[in-house]
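Peer 1: So that we are looking at the same thing, I have put the structure below in structure tokens.
Every number here is computed from the coordinates shown, using simple stated rules; none is lab data. As the structure is a prediction and not an experimental result, all values here were calculated from the model. Cβ sites come from the backbone with ideal geometry, for glycine too, and all protein chains shown count toward neighbours.
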2 protein chains.
Amino acid sequence: MHNMEKELLSELHNRGKIARAAILTMTTLAGCGHPGGSMSSIDVLNVLYSYIKHDPKNPNWDERDRVIVSNGHISPGVYSALGLLGYFELDTAIAQYRKLGSIFEGHIERFVPGVEWTTGNLGQGLSAGCGMALASRIKHIPYQVYVLMGDGEQQKGMISEARRFAVKYKLNNLVAIIDYNRLQINGVISKVMPQNIRHNWESDGWKVLEVNGHDLSMIHSALCETANSEVPILILAHTVMGKGVPFMENLEKYHGSTLSEAQLDEALKHLEVPNIIDEYKKMRDDFIYLPKTDKPNEFSLKPDFDPGAAFIYDKETDNRSAWGNAIGDLAKLNKDVKMPLAMVDCDLMVSVKTGEFASLCPDRFFQSGIMENNAAVLSGALSTCGIQTFWADFGVFGTAEVYNNQRLNDINHTNLKVVVTHVGIDVGEDGRTHQCIDYIGLMRNLYGFRVIVPADPNQTDRAIRWLVNQPGNYLVAMGRSKIPLIYKEGKNLYYGADYCFEYGKIDTLREGKDACVVVCGTPVGRAIKAIEKLQQEGFFVHLAYVSCPLGMRENDLSQILKHDLIFSVEDHNVNSGLGTILADKMVEHSCHSRLVKIGIQNYPISGTSEDLYRISKMDTNSLYERFKQEILAKELVRANGKKEKN
Amino acid sequence: MHNMEKELLSELHNRGKIARAAILTMTTLAGCGHPGGSMSSIDVLNVLYSYIKHDPKNPNWDERDRVIVSNGHISPGVYSALGLLGYFELDTAIAQYRKLGSIFEGHIERFVPGVEWTTGNLGQGLSAGCGMALASRIKHIPYQVYVLMGDGEQQKGMISEARRFAVKYKLNNLVAIIDYNRLQINGVISKVMPQNIRHNWESDGWKVLEVNGHDLSMIHSALCETANSEVPILILAHTVMGKGVPFMENLEKYHGSTLSEAQLDEALKHLEVPNIIDEYKKMRDDFIYLPKTDKPNEFSLKPDFDPGAAFIYDKETDNRSAWGNAIGDLAKLNKDVKMPLAMVDCDLMVSVKTGEFASLCPDRFFQSGIMENNAAVLSGALSTCGIQTFWADFGVFGTAEVYNNQRLNDINHTNLKVVVTHVGIDVGEDGRTHQCIDYIGLMRNLYGFRVIVPADPNQTDRAIRWLVNQPGNYLVAMGRSKIPLIYKEGKNLYYGADYCFEYGKIDTLREGKDACVVVCGTPVGRAIKAIEKLQQEGFFVHLAYVSCPLGMRENDLSQILKHDLIFSVEDHNVNSGLGTILADKMVEHSCHSRLVKIGIQNYPISGTSEDLYRISKMDTNSLYERFKQEILAKELVRANGKKEKN
């Protein structure tokens, strides 16, 4: 079993030459790309794909083994290996590599058949591998996950997080492979950043096998050895940058430099592969960019959970508890459905209220410890495997700490539900490092992420029950404190039994014509009180609650923009949240009203939530005074205008 | 030398009791905070401060040893240790802990005397320690740096980056100490996230000493052993959560729970310290929050470099090269000045043009490899040590990848100059993972960071020469491609010999009344061409260049807002950059003009920079067409309006 058949060996030897020719041709043709690492890793790739369980004609086969290539810049190697196996026409990949509109982009993208995970930013692949390896266990579909990595990227700290996670969860269906060519952009890795890679991995409990990464039989034997291991295994494959073309070997410049056409010719002669670059040039010219039409996202989840019955809160509580209760209820109701629910936590179970889920579904609750970068990526990857995945954390850890991981998730079309608690100065005494006041500003940069900020526990309950059946990426944000329930003027619950959450809907909590207050988040209760106080004085203020600051419905928005005096109120950086989004919309809609933005003006300090709202002028009284002052000023202007006219 | 004097031992023993009483009193008084870890680490803190070279009366003494506490939540322990030494009145800290307006915040803040670095987000302290240890070497001021960490935070990957950096640079003046109490929020660390901390550190080349963290002599001996070590040393201090009060010991709930007053009383009896909580309550009540007045930032650098003479580019080049040349020139000119310049790089020397600096100042050039999180924090820390610190990287790595590190830098009032290249779709074929189109959107969340996006190589040169003499945090962003030089209409260079960079100034590149185009970044050359084409057709468009999108001068801005048709053009996410800032300003200034936002509408793809500009409608022709279409539409409306009036 451990010995490769001669025929396969010869086939792979041959494939190595053709793949190398392809790598060099496509990079020369494109005039850019990364040939060096592609050539050092191509033998590993070829042997790996000959070893694993997969079907190039059915790249989405549920039982396939997964290959994640963490160092996405070796795309020429990946495209060559996959093309040779029939995932697509290799000639197409060669001709179109890096050309506008081609799927064969500079870094590997998930929409290329055979590519499981879009990469490019280094260090994230092993965490994605953890997610996919967990998915195999959760869904009882046995498959292996192989994560190919570069050696330079071993410097990234988050790889150690993924290593620890894999060992904790005994992910013995996970195999890591490092293309150990010992060169990175600026030279020998031992000079750029000395590192004992083997010791690093062993120190986290991985078993390490070392192989000659150009000895096909040896690679094959190592892969065989990984089967039935108790612990996850790393194969450290000693390789040569630019391997296969003598004048390229061991030169770091070929990390990111391509051959001239004359050099290519020389290289192909050495590889004994005919040079048909002129044909590829023609094919390349013939490929014309077509803008993508809006087709449904092929990576979307199609969940069909029982959302259960609304839980009606009639006593004040915190949104966190409502979220915890709702997800617990959903877990109970959907125990036996086909699509699993999963939850990831980062050592904050009690605070983020994941305890009930954890005790109900211990096999689908994953404790990632204080390793947020790993948690973000593994959750994202899990959510691509037909698993509705929630990750609960504090605001600052679920967004700011992992922004680039979330960006890569979004690029990967994940279906991640990030539920963050402890946003805003509402966090209180923990101070500015823990007060997340930029979550809207951060998510606004990500084209796919949607944001939900529920107003009270009842809306939280309904939003979560709605969310469980959504594909795509969402951030649900909530504060820390207990917040008052929202009532209609008639003292019925606003988000009562008849309420259904609708993404983008703006909720009219109070009607009035003197001004419009638009609130997002925890200050809503204070705003209501301020408005009720004004009402007693004969001022009628419209109150709109925005639970979806990035997706406000145009119709609802136009109702707001009719008012000539608009306030935005948010427990968020005033420069980057609701207020600035409203300003944008006002300009877009030629709304010439006055906008008064109320929010956080600078890094906050320690103090009780109540104290912090007060000094941020978002306590009931400050809001009342500010609203009144602006309404009076407006009326004064109007009165003066009338006087002048008369 | 290794044996503590009896007198000191007895003093420290006593100090341990008083400190523990202080920890418990302040947390009970505040009703929140983290007593457990404070008590497990207090013996280490007390011995450490008795051992190091420092002067509580002169906390900024240049030659002091530095203590960084990475797990900033043990603030009660830190305040107690420092208060007992006379950095401030311990009673004040006890009484004011976590109260609004007090410097004794929930997590330690740098403005508390004796606190070197604000922490709270875990895992960052060792990188800050690396920065401060390097500063000792650069400035030839011998001191030691001690970094105290929690055991839970060892899970954070970026600590491994800092370990490698320390070993590479042989930072033998750096000592790490771990408070190994084996408990984190959710329980025993070996269950939450199993980890062999000793092996992890050894695998990166650190020497590890293990001590009983409550044996004062043993801690002292270990500290003595760290002197004159060849390699950096970790002291793994085995401790007990809640140590000193039997009913608190080894219970994870005391990570973040405080004692009731009755429990406090019992605990203080055990510690043989009188309970005077009522006096502290009175002091606490007496402390009244006063809003901070705008005083100069005490942490600011006061640089006085020779900015040299402007280098005038008369041939097209890339801004990257202009930056590299300028910083090289500045390095040459300022070889012998008192304040050093330093540069940090992440394996991208050739691309980000730090090579000249590196060869001129090899002892002040630091190669952090592919470890951006470490680079961000160590650069920030370096910049607090009287060193003007530049960190050069690709846009996506200097901002998105390290957003929370930059946030903590900003909170720390660092003086960091982040110079990022390869922003925008201008990056080209490397694709969306590498195209940084959110740098303005990200930085807009950080109150202290300023952003500079130079228009051409000449402005780059002048901006860098200006920047070298600035305190505070800046991001300088530039694309990858060669970009045309900007000329005045008379064919003189716009940013010529007489030009001086001024932060916030908006540059009028062309004057006109038919519309105003506002550009930030690389598209400026294309915008000029589009406008010149329109000029030939009799349309005169005003062209304003915004190099400082977060700090546009109000006067300059009002010139823009006079126009009734305004375009924003940016190689940036159209939802979060210049366009949205302009919209905000328009609303603020009651400007009712039409704003047309041109920018990136979705995640980009691979392709040449030229191709990507074309499909993003930011090539010369698309801009020309869009400008013209909008101007004609405006004129039509005006003509119809006139007709109606007539």
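Peer 1: Just need the relative contact order of chain A here, percent rounded to a whole number, with Cα pairs under 8 Å and 6+ apart. Mind showing how you got there, number by number?
Peer 2: Numbers: 1368 pairs, mean separation 72.2, N = 646.
Relative contact order comes out at 11 percent.
Peer 1: Additional query: Only counting other Cβ atoms within 10 Å, I'd like B:PHE540, A:PHE305 sorted with the fewest neighbours first.
Peer 2: Values: B:PHE540 14, A:PHE305 17.
In order of increasing Cβ crowding within 10 Å: B:PHE540, A:PHE305.
Peer 1: Tell me the distances, shortest first, between A:ASN14 and the same position across the other copies, using label points 7 Å along Cα→Cβ, in nm to one decimal.
Peer 2: 8.8
Peer 1: Toward the positive end of the charge dipole of region B:178-327, about the Cα centre and with charges on Cβ (Lys, Arg +1; Asp, Glu -1), which of B:SER257, B:HIS214, B:ILE235 goes farthest?
Peer 2: B:SER257
Peer 1: Please report the net charge: other residues with Cβ closer than 14 Å to the Cβ of A:ARG594, K and R +1, D and E -1.
Peer 2: Details: positive: A:LYS562, A:LYS597, A:ARG626, A:LYS634, A:ARG638; negative: A:ASP514, A:ASP564, A:GLU630, A:GLU635, B:ASP584, B:GLU588.
Around A:ARG594, the surrounding residues sum to -1.
Peer 1: What are the equivalent ellipsoid semi-axes of region B:317-483, built from the alpha-carbon gyration tensor (square roots of five times its eigenvalues), in whole angstrom, biggest first?
Peer 2: Largest first, region B:317-483 gives 21, 19, 15 Å.
Peer 1: Can you tell which of A:ASN458, A:LEU475, B:ALA376 lies farthest toward the positive end of the dipole of the protein assembly as shown, using +1 and -1 charges on the Cβ of basic and acidic side chains (Lys, Arg; Asp, Glu)?
Peer 2: A:ASN458
Peer 1: If we hang a label 7 Å off Cα along the beta carbon direction at A:LYS281, how far is it from the matching labels on the other copies, in nm, shortest first?
Peer 2: Computed spacing set for this position: 8.9 nm.
Peer 1: A further question follows. Going by alpha carbons, how many degrees (0 to 90, nearest 10) lie between the helix axis of A:35-51 and the longest principal axis of chain A?
Peer 2: Computed tilt is about 80 degrees.
Peer 1: Moving on to the next point. Take the alpha carbon atoms of region B:556-590, find their center, do the same for region A:547-587, and report the distance between the two centers in whole angstrom.
Peer 2: 17
Peer 1: Listed highest first by mean packing, meaning other Cβ atoms within 10 Å per residue, what order do B:278-290, A:189-201 come in? Each step should come with its number before you reach the end.
Peer 2: Working: B:278-290: 12.7, A:189-201: 19.1.
In descending order of packing, they fall as A:189-201, B:278-290.
Peer 1: How far, in degrees from 0 to 90, does helix B:75-85 lean away from the longest principal axis of the Cα atoms of chain B, to the nearest 10?
Peer 2: Tilt relative to chain B: about 60 degrees.
Peer 1: Based on the Kirkwood radius over alpha-carbon pairs, what value in µm²/s does the Stokes-Einstein equation return for the translational diffusion coefficient of chain A at 37 °C and 0.692 mPa s?
Peer 2: Details: Rh = 26.9 Å.
D, rounded to a whole number, is 122 µm²/s.
Peer 1: Give the peptides B:418-430, A:487-499, B:479-491 in descending order of average Cβ contacts within 10 Å, highest first.
Peer 2: My ranking of the peptides, most packed first, is B:418-430, B:479-491, A:487-499.
Peer 1: Taking neighbour Cβ counts within 10 Å as the exposure measure, how do A:CYS32, A:CYS346 sort from fewest upward?
Peer 2: Numbers: A:CYS32 18, A:CYS346 30.
Ascending number of Cβ neighbours within 10 Å: A:CYS32, A:CYS346.
Peer 1: Looking at region A:33-124, which trypsin sites (Lys or Arg not before Pro) are in a loop (DSSP not H, G, I, E or B) and have at most 12 other Cβ atoms within 10 Å?
Peer 2: On the way: sites: A:LYS53, A:LYS57, A:ARG64, A:ARG66, A:ARG98, A:LYS99, A:ARG110; in loops: A:LYS53, A:LYS57, A:ARG64, A:ARG98, A:LYS99, A:ARG110.
When the trypsin sites (Lys or Arg not before Pro) of region A:33-124 are filtered for loop state and at most 12 Cβ neighbours within 10 Å, A:LYS53, A:LYS57 remain.
Peer 1: Hey, how many Å between the Cα centroid of region B:328-359 and the Cα centroid of region B:448-510?
Peer 2: 20
Peer 1: Separate question: How large is Rg/Rh for region B:95-160, to two decimals, with Cα atoms and a Kirkwood Rh?
Peer 2: That ratio equals 1.04.
Peer 1: Given N residues in region B:506-645, what is its alpha carbon radius of gyration divided by 2.2 N^0.38 Å?
Peer 2: On the way: Rg = 14.9 Å, N = 140, 2.2 N^0.38 = 14.4 Å.
Cα-based Rg divided by the globular estimate yields 1.03.
Peer 1: Once every DSSP H run of n ≥ 4 in the protein assembly as shown is given -39500 (n - 2.57) and the sum is divided by its residues, what mean residue ellipticity at 222 nm do you get, rounded to the nearest 500 deg cm²/dmol?
Peer 2: Working: 48 runs with 517 residues, N = 1292.
Calculated mean residue ellipticity at 222 nm is -12000 deg cm²/dmol.
Peer 1: How do B:THR508, B:THR580, B:THR384 line up, fewest other C-beta atoms within 10 Å first?
Peer 2: Details: B:THR508 17, B:THR580 29, B:THR384 23.
Listing B:THR508, B:THR580, B:THR384 from fewest to most nearby Cβ atoms yields B:THR508, B:THR384, B:THR580.
Peer 1: Another one. Please report, for A:ALA309, the nm distances (one decimal) from its label point, 7 Å out from Cα along the beta-carbon direction, to the equivalent points in the remaining copies, shortest first.
Peer 2: Nearest to farthest, the other copies are at 8.6 nm.
Peer 1: Quick check: the distance between the Cα centres of region A:147-175 and region A:371-392, to the nearest angstrom?
Peer 2: Comparing the Cα centres of region A:147-175 and region A:371-392, I get a distance of 15 Å.
Peer 1: Of A:LYS332/B:LYS253; A:LYS529/A:LYS628; A:LYS53/A:LYS243; A:LYS168/A:LYS332; A:LYS562/B:LYS643, which ones are farther than 19 Å apart at the Cα?
Peer 2: Working: A:LYS332/B:LYS253 28 Å; A:LYS529/A:LYS628 13 Å; A:LYS53/A:LYS243 27 Å; A:LYS168/A:LYS332 26 Å; A:LYS562/B:LYS643 28 Å.
Table pairs above 19 Å Cα-Cα are A:LYS332/B:LYS253; A:LYS53/A:LYS243; A:LYS168/A:LYS332; A:LYS562/B:LYS643.
Peer 1: Determine the shielding of peptide B:349-355 by partner chains: average, over its residues, the number of Cβ atoms on other chains within 10 angstrom of each Cβ.
Peer 2: On the way: counts 4, 4, 3, 0, 0, 0, 1.
The mean count of partner-chain Cβ atoms within 10 Å per residue comes to 2.
Peer 1: Then there is this: Hey, rough spin-label estimate for A:SER190 and B:ASP62, points 7 angstrom out along Cα→Cβ, what's it come to in nanometres?
Peer 2: Reported label-point gap for A:SER190 and B:ASP62 is 4.0 nm.
Peer 1: If you don't mind, there's one more thing I want to ask. Does a label point 7 Å from the Cα of A:LYS6, set along Cα-to-beta-carbon, have any residues of region A:220-236 with amide nitrogen under 20 Å, and which are they?
Peer 2: Counting only backbone N, you get A:220-221.
Peer 1: Helix B:457-467 versus the longest principal axis of chain B: what is the Cα-based angle in degrees, 0 to 90, to the nearest 10?
Peer 2: That works out to roughly 30 degrees.
Peer 1: Peptide B:392-399: average number of partner chain Cβ atoms within 10 Å per residue?
Peer 2: Details: counts 0, 0, 0, 0, 4, 3, 0, 2.
That works out to 1 on average.
Peer 1: A further question on this structure: Rounded to the nearest 20 Debye, what is the dipole magnitude of region B:317-483 about its Cα centre when Lys and Arg each give +1 and Asp and Glu each give -1 at the C-beta?
Peer 2: Its charge dipole is roughly 480 debye.
Peer 1: Would you please name the GluC sites (Glu not before Pro) within region A:69-167 that are DSSP coil residues with at most 16 other C-beta atoms within 10 Å of their C-beta?
Peer 2: Details: sites: A:GLU89, A:GLU105, A:GLU109, A:GLU116, A:GLU153, A:GLU161; in loops: A:GLU89, A:GLU105, A:GLU109, A:GLU116.
Answer in residue order: A:GLU89.
Peer 1: Report the gain in length on full extension from B:MET339 to B:LYS139: 0.36 nm times residue separation, minus Cα-Cα distance, nm rounded to one decimal. Intermediate values should be presented prior to the final figure.
Peer 2: Values: separation 200, 0.36 × 200 = 72.00 nm, distance 0.84 nm.
That pair, B:MET339 and B:LYS139, stretches by 71.2 nm at full extension.
Peer 1: What is the average number of partner chain Cβ atoms found within 10 Å of a Cβ in A:433-439? Can you show the working numbers first?
Peer 2: Working: counts 17, 6, 2, 0, 2, 7, 1.
Counting Cβ atoms of other protein chains within 10 Å of each residue's Cβ and averaging gives 5.
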